[in-house]
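Working notes, beginning with the structure itself.
The values are calculated or read from the model by the stated rules, or taken from the named source; none is laboratory data. Bear in mind that the values here come from a model prediction, so they are computed numbers and not experimental data. Quick reminder, even Gly has a Cβ in these numbers, built from the backbone with ideal geometry, and neighbours come from all protein chains shown.
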Amino acid sequence: LLAPDGSVASTIFAEMSALATRTGAINLGQGFPDVDGPEHIKEAAVAAIRAGDNQYPPGAGRRELCLAVAQHQDRHYGLSVDPETEVLVTAGATEALAATLLALAGPGDEVVTLEPYYDAYAALVALSGATHRTVPLRPTPTGFRVDPVDVRAAVGPRTRVILVNSPHNPTGTVLSRDELSVLAAAAQEHDALVVTDEVYEHLTYDGAEHVPMATLPGMAERTLTISSAGKSLSFTGWKVGWLHGPAELVVAVRTVKQYLTYVTAAPFQPAVAVALADEDGRTGEYFTDLAGSLARRRDLLCAGLEAAGLAPVTPRGTYFVVADGAALGYDDGVELCRELPDLAGVVAIPVSAFCAPAGQGAGALRSYVRFTFVKSEDVLTEAAGRLARLR
Ligand code: PMP
Ligand code: GLN
């Protein structure tokens, strides 16, 4: 967790957001929306505060939120979840990931993730004491793909957890049922657990279907599913997340959570419960509208990147797109991101920040950079205009 010079490393998101503030560049680095989620859900949180919902809630989470998580999983995926024993509310997906890895993996174990991976994964595996192994998501003409040969090479008898993320940050890949099945088969063969980070579950485009790992045959019994109100509901600052899975695994994770945050912020829980229970259908509409509007914004940014001479890989999920700087003569994404505010008044994140030190970030993905498109069309149009200066 230390930088090469021994100082405490800050996350790439903090570094690049500071660069955006310092230079006045448009921040397409850190992924957070510039418009909040539904107004009536905000009102529900305000009402909860006014009603006195301000003291420690139950450790597993407020009952109505656990119930709403179960209802959401049933409504969208046909998954049957017991709200009493199989759900845990967490301080964002980040705490769910942290508590899960600390509960399930330790020295001598291996945790396998895709690479590139969300940056917290490597840090959390390191905190757990386990060894991190990776399956490269390889760039192909049709997008990033999982090669079964790579899965067989990475997963073995020491694998304790396969940590999957689909839709995938940073590439925007939505793993196909076949790709998920390869990972599932490897977990079954080596009796590993699967932890699946599905925070972008509702952000898919062009008819891409999000397939939860727990819906694959034989997988519910070995899978912990993680999601969060941050991405689906555009409340990244509320830090309300959840996980569900077999009761004995949830108990283990809850035990660790007890000593991380003890409980999750009280008044946001009934508000997120209203959203996930969706009694009036407004949340379903919100998910559909958000995905439709993000698909348009994706197209806007991709066209801008294309026109600038950067080669975008069109994502089918998330609110990120990666583009290859080599198309413009930039072999090093880190260098390109450091210069981008001066060259074009835009901030992006090098894909190598999501890679292992000797992994694809030093190889096939060295020249790739990530942009977010969860910004207003005006901001993206302005950014696209500025990027044209790169030509
Ligand atoms: N997983 C992935 C893949 C993410 O992109 C993010 C958001 N940065 C998180 C987890 C963290 O989610 P939360 O803010 O709910 O902790
Ligand atoms: N998930 C967001 C991203 O990948 C924000 C991450 C963060 O700030 N830690 O950009």
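Values for this structure:
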item: Matching residues in region 23-42 - criterion: being away from ligand 1 (no atom under 15 Å from the Cβ), surrounded by fewer than 18 Cβ atoms within 10 Å (Cβ to Cβ) and either in contact (Cβ under 8 Å) with a residue 60 or more places away in the chain or among the small types (G, A, S) (or both); result: T23, G24, D34, V35, H40, K42
item: Flag for L102 being within 16 Å of ligand 1 (Cβ to nearest atom), in contact (Cβ under 8 Å) with a residue 60 or more places away in the chain, under 21 Å from G241 (Cβ atoms) and surrounded by fewer than 22 Cβ atoms within 10 Å (Cβ to Cβ); result: yes
item: Residues of region 187-236 classified as farther than 23 Å from L290 by Cα, β-branched (V, I, T) and crowded, with 23+ Cβ neighbours inside 10 Å, total; result: 3
item: From the options D206, D191, residue that is of a type in the set (D, E, K, R) and closer than 23 Å to R370 by Cα; result: D206
item: Given (1) more than 16 Å from ligand 1 (Cβ to nearest atom); (2) surrounded by 15 or more Cβ atoms within 10 Å (Cβ to Cβ); (3) under 18 Å from K239 (Cα atoms); (4) aliphatic (A, V, I, L, M), index of the condition A20 fails; result: (3)
item: Every residue from region 79-99 that is within 16 Å of ligand 1 (Cβ to nearest atom) and either among the small types (G, A, S) or surrounded by fewer than 22 Cβ atoms within 10 Å (Cβ to Cβ) (or both); result: A91, G92, A93, T94, A96, A98, A99
item: Number of positions in region 17-34 that are part of a loop (DSSP other than H, G, I, E, B) and either touching a Lys or Arg at 6+ places or on another chain (Cβ under 9 Å) or acidic (D, E) (or both); result: 6
item: Those residues of region 238-250 which are in contact (Cβ under 8 Å) with a residue 12 or more places away in the chain and either in a loop (DSSP other than H, G, I, E, B) or farther than 17 Å from T196 by Cβ (or both), in sequence order; result: W238, K239, V240, G245, P246, A247
item: Filtered residue count, region 197-232, keeping only those that are outside any loop (DSSP other than H, G, I, E, B) and either within 16 Å of ligand 2 (Cβ to nearest atom) or not assigned by TED's automatic domain parsing to the domain that holds R75 (or both); result: 8
item: Test: residue in region 360-376 that is among the hydrophobic types (A, V, I, L, M, F, W, C), buried (at least 18 other Cβ atoms within 10 Å of the Cβ) and in a helix (DSSP H, G or I); result: no
item: Residue under evaluation Q269, criteria (1) in a helix (DSSP H, G or I); (2) out of contact with any Lys or Arg (no Cβ under 8 Å at 6 or more places or on another chain); (3) closer than 16 Å to C66 by Cα, criterion not met; result: (2)
